[in-house]
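The values are calculated or read from the model by the stated rules, or taken from the named source; none is laboratory data. The structure presented is a predicted model; accordingly, all values stated were derived computationally and were not measured. Methodologically, a virtual Cβ is constructed for each residue, glycine included, from the backbone with ideal geometry; neighbour enumeration extends over all protein chains shown. Please note that ligands, DNA and RNA were not included when accessible areas were found on the heavy atoms of the full protein model with its side chains. Shrake-Rupley method; radii C 1.70, N 1.55, O 1.52, S 1.80 Å.
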Amino acid sequence: MPSDTALLAHHTVRRMGFGAMQLPGPGVFGPPKDRAVALAVIRRAVEAGVNHIDTAQFYGPDVANELLHAALHPYPDGLVLVSKVGAARNDKGEWVGAQRPEELRAGVEANLRSLELEQVPVVNLRRHPESDVPFDDQLETMIALRDEGLIGGIGLSNATLEQYSTARARIEVACVQNAYNVADRSDQAVFDACQTDGVPYVPFFPLGSAFHPENPVLGMPAIKAAAQRLGATPAQVALAWLLHLSPNVLLIPGTSSLEHLDENLAAGELVLDQVAIDALPR
């Protein structure tokens, strides 16, 4: 197995992190079903050594950040909180774009308030494919926010290869957070570019989308066979496969369950045998 740590915006982090997206209520909207359990999940993750937590002010909205603050503030040394801007929620809970420069700035300021930070260590610019805002204008805003000290590193989310290349020509990209898993490798070109450049690649939906009941990741025959042979769960095999692909892969599986949290974290210790490696995509 590759090292279990990597650099994220010059911070050393464990490659198995935690995503806060599932902490709010159903549909990532409203309060959690059980606030005490949500707080316990966050605390157990950090106690287990997680020092990379992904969040966003629009998760809830405000819910995920408020829970992180309640569970962890004052934050332990070495904890890297990564947020994102570029989206918002309306009063019906629908996802809407917040792509204009002034909206990106407002998003960073909202994260600073809700997390009670003077600087967010990393903020990902989440690009919407249908956005009519020039990417260069968005990048200018992120650079200004960094230069003002409001954010540390600038990451990208939902970025195309062209956008990644454009950003790399102007800044040190802290990370790229795009959809990627064993059943959906449509982002392979960006994955390969990040691997070549040594830029952290953070796949979201590593176990398949939480918004779709049919899950081709956990139902993949090669995943199920490996799990049965290795005495692991399909989720653990799918996560271990991502870690096996490249040392620049950082994982942020999310959950609101203590049981699933322990299951996910244990995937960091799972070593795939040669049979599994040969049967799974490379």
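Values as computed for the structure displayed
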| item | result |
| --- | --- |
| Bridge type composition, region 54-176 - antiparallel percent by DSSP, nearest 5 | 20 |
| Sites residue 258 and residue 136 - FRET efficiency at Förster radius 35 Å, r taken between beta-carbons, to 0.05 | 0.20 |
| Relative contact order %, the chain, counting alpha carbon pairs below 8 Å whose residues are six or more apart | 19 |
| Among 85, 72, 57 the positive-end extreme of the charge dipole of region 55-102 (Cβ point charges) | 85 |
| Solvent-accessible area, 1.4 Å probe, carbon plus sulfur percent, for the chain | 52 |
| Dipole moment magnitude, nearest 20 debye, the chain about Cα centre, only Lys, Arg, Asp, Glu C-beta charged | 480 |
| At q = 0.10, 0.16, 0.19 Å⁻¹, base-10 log of I(q)/I(0) for region 1-104 (Debye sum, equal scatterers on each alpha carbon) | -0.31, -0.74, -0.97 |
| Trypsin sites (Lys or Arg not before Pro) within region 36-143, DSSP loop, no more than 13 other Cβ atoms inside 10 Å | 92 |
| Ellipticity estimate at 222 nm from DSSP helix runs (n ≥ 4, -39,500 (n - 2.57)) divided over the chain, nearest 500 | -11000 deg cm²/dmol |
| (i) 28, 22, 18; (ii) 32, 19, 18; (iii) 31, 22, 18, with the label sought being that of the calculated semi-axes √(5λ) of the Cα gyration tensor in Å | (i) |
| Region 177-221 - accessible surface per residue (Å², probe 1.4 Å) | 46 |
| Cβ crowding within 10 Å averaged over residues, with 5-14, 229-238, 152-161 ranked highest first | 152-161, 229-238, 5-14 |
| DSSP beta bridges in the chain [antiparallel fraction, %, rounded to 5] | 25 |
| Nearest-ten-degree value, helix 188-197 long axis tilted from longest Cα axis of the chain | 80 |
| Exposed-site-free run, longest, the chain (rule: GluC sites (Glu not before Pro); DSSP loop; at most 16 other C-beta within 10 Å) | 1-93 |
| Cα gyration tensor shape for region 212-270, rounded if a/c is under 1.5, else prolate or oblate | rounded |
| Global geometry of region 198-240, whether rounded, prolate or oblate, following the gyration tensor of its Cα atoms and the 1.5 cut on a/c | oblate |
